[in-house]
Amino acid sequence: MSNSDRVIIFDTTLRDGEQSPGASMTRDEKLRIARQLERMRVDVIEAGFAIASPGDFESVQAIARAVKDSTVCSLARALDSDIDRAGEALRDANSGRIHTFIATSPIHMKYKLQMTPDQVVENAVRAVKRARGLIDDVEFSLEDASRSEFEFMCRIIEAVIDAGARTINIPDTVGYAVPQQYGEQMRRLIETIPNSDQAIFSVHCHNDLGLAVANSLAAVSAGARQVECTINGLGERAGNASLEEVVMAIRTRRDFMNVETGIDTTQIVPASRLVSSVTGFPVQPNKAIVGANAFAHESGIHQDGVLKHRETYEIMTAQDVGWNTNRMVLGKHSGRAAFRSRLEELGTSFATDAELNAAFARFKDLADKKHEIFDEDLMALVSDARAEAASEKYRLSSMHVTSQTGETPVANVTISVDGVEHSSQAEGSGPVDATFKAIEATANSGASLQIYSVNAVTQGTDSQGEVTVRLEKGGRIVNGLGADTDIIIASAKAYIHALNMLDANVQKAHPQV
Ligand code: KIV
Ligand code: ZN
């Protein structure tokens, strides 16, 4: 296939994905995900929005320094200050890109930007020129393109290509498009704009109507050669087009699509697990490609067919996307080297020996309770160890919970707050409710609980429970994580992790507000 048949995969898990409420990630977590994306051979990694906060700047900079084989990109509004900050964060990148954008729909220009169309064009051109003064690779996005006027889009795109933009992104920001119309719009833009051959056209679709992947594929069929997407479809509101679905659709239906990507698809499941464990967003079992049931054949007829001839019911193999068929990986007698190496295969590495030792100690502890340790166990225990290591203010010291038929559950919890131990007791409608009330009797955080979810990490009653606790306070939303074979303890850990995240009080700007 020639270059014109190659679709660039632009991953925005670390930027648009992080805009999903509660999905904020630390610099180290982003770095781990970026390394996994590089291993998966993603072409462009959108590492963040450098001007949003000092933490975002550091994340983009750290990823730009660490990643060598993928282009690293920072988002920037069409403002000098944003572009300069993005350029600074990307200074050490092997291959860097500034992605600047401005809204082009009548509704956004009038009410959000309060600018005339002429002013929008002028700002866009100035932004692209400024970015080109810092870096060669500049992308320009027309925010809310799917609700923008065709003639105006042609005008602004022609002007920004003349100003030096190499990639033109046509986002369906609000998830409004439908495939036929979106594809047609892409085709007409490429055909109509006189200098369209000097840029790569790109898509960025949100999933409000569940059409993000379908819209992305329609745009590729119409000539787009970059798809912006996220692992597990993470992203603002209903999310973005899911990378794994786009990539596997292009690969499985190459007979029809006639294009290819450069993705190493065997890294997809490890990437999905990593993003899920870092963000605390579980993957639904029936999710395409990466859901636990995606390759499971429950019904007798299907099983019979698959055993006789796999292709009767399978259009791709579990191995193609990185599912490990022999999933019992480590046991009680496994050593530190095997532990580290399996986690590296899963996309997780340790920054220090102390971090490795702490996780390995947990592994030994878990292996005493549960003799078969699966990949899912490893991922859960590592994110639990990291959540605890990141806990600065509050720490769980001990707890005792009683739950008995006919009696009200009671929890006694001791937590240390800034190194000083406090104990409290509370009753609740169940043991988890009592535990959270006992923690709150000490912490008195004023936060409200938005989501409580428990996910069995593996099969069997000896499974670890991975708990997500989402707390909200003053408009800030955080997801706390905890894992343990005792789900009440896992719940307490997750609650305390969330309190610590609220305490960290990270403030950052949202690019589209
Ligand atoms: O959805 C959107 O329009 C965006 C842009 C910033 C590309 O995320
Ligand atoms: Zn978006």
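The values are calculated or read from the model by the stated rules, or taken from the named source; none is laboratory data. All values reported here derive from a predicted model rather than from experimental measurement. We place every Cβ from the backbone using ideal geometry, glycine too, and count neighbours over all the protein chains shown. Heads up: the accessible areas ignore ligands, DNA and RNA and are worked out on the full protein's heavy atoms, side chains in. Shrake-Rupley method; radii C 1.70, N 1.55, O 1.52, S 1.80 Å.
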So Glu151 fits all but one of (1) in contact with a helix residue (DSSP H, G or I) (Cβ under 8 Å, 6 or more places away or on another chain); (2) open to solvent by 30 Å² or more (accessible area, probe 1.4 Å); what number is the exception?
-> (1)
Pick from segment 272-296, criterion of a type in the set (S, T, N, Q) and over 15 Å from the mean Cα position of the chain (by Cα), ranking: nearest to Ala23 (Cα to Cα) | Asn286
Hits in segment 1-41 - residues which are more than 16 Å from ligand 2 (Cβ to nearest atom) and among the charged types (D, E, K, R) | Asp5, Arg6, Arg27, Asp28, Glu29, Lys30, Arg32, Arg35, Glu38, Arg39, Arg41
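Looking at Asp418, Asp484, Asp503, Asp462 in this structure, which one is in contact (Cβ under 8 Å) with a residue 40 or more places away in the chain, out of contact with any strand residue (DSSP E or B) (no Cβ under 6 Å at 6 or more places or on another chain), of a type in the set (D, E, K, R) and within 16 Å of Lys393 (Cα to Cα)?
On the way: Asp418 fails: in contact (Cβ under 8 Å) with a residue 40 or more places away in the chain; Asp484 fails: within 16 Å of Lys393 (Cα to Cα); Asp462 fails: within 16 Å of Lys393 (Cα to Cα).
Exactly one of Asp418, Asp484, Asp503, Asp462 is in contact (Cβ under 8 Å) with a residue 40 or more places away in the chain, out of contact with any strand residue (DSSP E or B) (no Cβ under 6 Å at 6 or more places or on another chain), of a type in the set (D, E, K, R) and within 16 Å of Lys393 (Cα to Cα), namely Asp503.
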Taking the stated definitions as given, is Leu134 hydrophobic (A, V, I, L, M, F, W, C), within 16 Å of ligand 1 (Cβ to nearest atom) and surrounded by 16 or more Cβ atoms within 10 Å (Cβ to Cβ)?
-> no
Could you please find all residues in segment 110-124 being under 31 Å from the mean Cα position of the chain (by Cα) and closer than 30 Å to Arg91 by Cα?
-> Leu113, Val120, Asn123, Ala124
Conditions (1) touching an Asp or Glu at 6+ places or on another chain (Cβ under 9 Å); (2) at pLDDT below 95; (3) open to solvent by 80 Å² or more (accessible area, probe 1.4 Å); number of the one not met by Gly280 | (3)
Of the residues in segment 161-192, how many are among the aliphatic types (A, V, I, L, M), within 19 Å of Ala103 (Cα to Cα) and more than 14 Å from ligand 1 (Cβ to nearest atom)?
-> 4
Under 7 Å by Cβ, and 6 or more places apart or on different chains, what pairs join a residue from segment 7-36 that is at pLDDT 95 or above with one that is within 13 Å of ligand 2 (Cβ to nearest atom) and of a type in the set (D, E, K, R)?
-> Phe10/Glu46; Phe10/Glu228; Asp11/Glu46; Thr12/Glu46; Thr12/Glu228; Leu14/Glu46; Arg15/Glu46; Asp16/Glu236
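Take Val469 and decide whether it is in a loop (DSSP other than H, G, I, E, B) and aliphatic (A, V, I, L, M).
Working: in a loop (DSSP other than H, G, I, E, B): no; aliphatic (A, V, I, L, M): yes.
Taking the combined requirement at face value, the residue does not satisfy it.
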